[in-house]
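Asks: For reference, the structure I am asking about is given below.
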Amino acid sequence: MTFAPALSLPRLLSVESLSRKIAQWREAWELHRKYLTLLEELQSMSNRDWDDIGQSRLNAHEIARQTIYGR
């Protein structure tokens, strides 16, 4: 027989935790927008520009990711 206290009920989100989640989502979205903007700028560079900085066009995603997210 199962007792009522032993039942696991879903935990309701408090207003504070919900606002924290929304703030985290907004921050993540803003970082993603910055990543896409930088990636677009890198992809618009000419092959000569890439040669000047000593990088390959294939590194555009990695450069943007490291610049924005630091990973």
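The values are calculated or read from the model by the stated rules, or taken from the named source; none is laboratory data. What you see is a predicted model, and the numbers here were worked out from it, not measured in a lab. Every residue, glycine among them, receives a Cβ derived from its backbone with ideal geometry; neighbour counts consider all protein chains shown.
Asks: Any idea how many residues of the range 5-27 are surrounded by 10 or more Cβ atoms within 10 Å (Cβ to Cβ) and either among the small types (Gly, Ala, Ser) or modelled with pLDDT of 95 or more (or both)?
Replies: 7
Here is a yes/no grid of residues against (1) in a helix (DSSP H, G or I); (2) among the charged types (D, E, K, R); (3) more than 12 Å from the chain's Cα centre (by Cα):
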{"position": "His32", "(1), (2), (3)": "yes, no, no"}
{"position": "Thr37", "(1), (2), (3)": "yes, no, yes"}
{"position": "Leu42", "(1), (2), (3)": "yes, no, yes"}
{"position": "Met45", "(1), (2), (3)": "no, no, yes"}
{"position": "Asp49", "(1), (2), (3)": "yes, yes, yes"}
{"position": "Leu58", "(1), (2), (3)": "yes, no, yes"}
{"position": "Ile63", "(1), (2), (3)": "yes, no, yes"}
